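J.: My questions all concern the structure below.
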Amino acid sequence: MTLNDEQHYKNILGNTLQVLKKYKKILFLTTSNRWHGEEGGEKPKSTVLAYEIAKRLKNSNISIIEVPPLKIYPCEGNVSTKKGNICGVFDAKKKDPLKNPSGHHRCWASINNKDDELWKISKELLGSDCVIFFGSVRWGQMNSEYQKLIERLTWIENRHTTLKEENIVQNIDAGIIIVSQNWNSKQVLDTQKKVLEFFGFNVADDLCWNWQYSKDDTDESKESYIDAANQFAKIFLEDDEK
């Protein structure tokens, strides 16, 4: 990675910080996971970046939810049944007003699994004016925790497409920030921006970007992974965090 590349990403981060200052209630959803031996494990780079941005903004109105530790069941696939598309219908509404204060959370998997914790995300999401998804690329696609979350939020999209009801996220700006090693992150970014547009979010280009360590998709050396962590810290973290 060249000095020009380093400054390019520093500029992108600086711009992100400036853009985020205009929002009143921000939600960061981190979706990558990692654990290796030491107590508490190691936070993935994308999660570290979310906390770094929040720290620099010094904004008490930023909420960070780490998605992997939550108990979120897989999507049940109720979009495509013999009865047609029944995802997000009124009968799937979560009844508990403490968990569903907006009344908009409608998901069969939340009804069928009493300990499901998707409500912790929807409650914060629907009370925010900006949400940013943070994650990593694994095998050329977003990591599995991100994909599970997106599938479980399908009822948001279904409300205004198939069911022809209101778009409940039309006033929420959305972004996605991706950290990856060596393959396909630009294509993944483009795809996920389109997904968020389908959902009905206002996708903010200034809040959508990816950092990929290497352009060599065959570079799988141990040294490159170690150097990636060092380069990431050099670009995105302040001196006391490296």
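J.: I'm checking my understanding of the structure. Among residues of the range 96-130 that are of a type in the set (S, T, N, Q) and crowded, with 20+ Cβ neighbours inside 10 Å, which one is farthest from Ile86 (Cα to Cα)?
T.: Ser128
J.: Further, regarding this structure: Looking at the range 143-157, which of its residues are assigned to a helix (DSSP H, G or I) and either within 9 Å of the chain's Cα centre (by Cα) or not small (Gly, Ala, Ser) (or both)?
T.: Hits for the range 143-157 are Glu145, Tyr146, Gln147, Lys148, Leu149, Ile150, Glu151, Arg152, Thr154, Trp155, Ile156, Glu157.
J.: Still on this structure: Being within 16 Å of Cys130 (Cα to Cα) and without any contact (Cβ under 8 Å) to a residue 60 or more places away in the chain is the filter here; which residues of the range 197-230 pass it?
T.: If we filter the range 197-230 for residues that are within 16 Å of Cys130 (Cα to Cα), which is where we start, we get 197, 199-209.
Glu197, Phe199, Gly200, Asn202, Val203, Asp205, Cys208, listed by residue number.
J.: Being β-branched (Val, Ile, Thr) and outside any loop (DSSP other than H, G, I, E, B) is the filter here, so list the residues in the range 86-142 that pass it. Explain how you work it out, then say what you get.
T.: Step one: filter the range 86-142 for residues β-branched (Val, Ile, Thr), giving 86, 89, 111, 121, 131-132, 137.
Result: Ile111, Ile121, Val131, Ile132, Val137.
J.: Restricting attention to the range 103-123, does a residue exist that is in contact (Cβ under 8 Å) with a residue 60 or more places away in the chain and under 21 Å from Thr30 (Cβ atoms)?
T.: The answer is yes, given that some residue of the range 103-123 is in contact (Cβ under 8 Å) with a residue 60 or more places away in the chain and under 21 Å from Thr30 (Cβ atoms).
J.: Look through the range 48-76, keep the residues that are within 18 Å of Ile12 (Cβ to Cβ) and not small (Gly, Ala, Ser), and return whichever of them is surrounded by the most Cβ atoms within 10 Å (Cβ to Cβ).
T.: Looking at residues that are within 18 Å of Ile12 (Cβ to Cβ) and not small (Gly, Ala, Ser), I get Leu49.
Throughout, read-outs are computed from the coordinates displayed, never taken from laboratory work. Please read all numbers here as calculations on a predicted model, not as lab measurements. Here the Cβ is made from the backbone with ideal geometry for all residues, glycine too, and neighbour counts use every protein chain on show.
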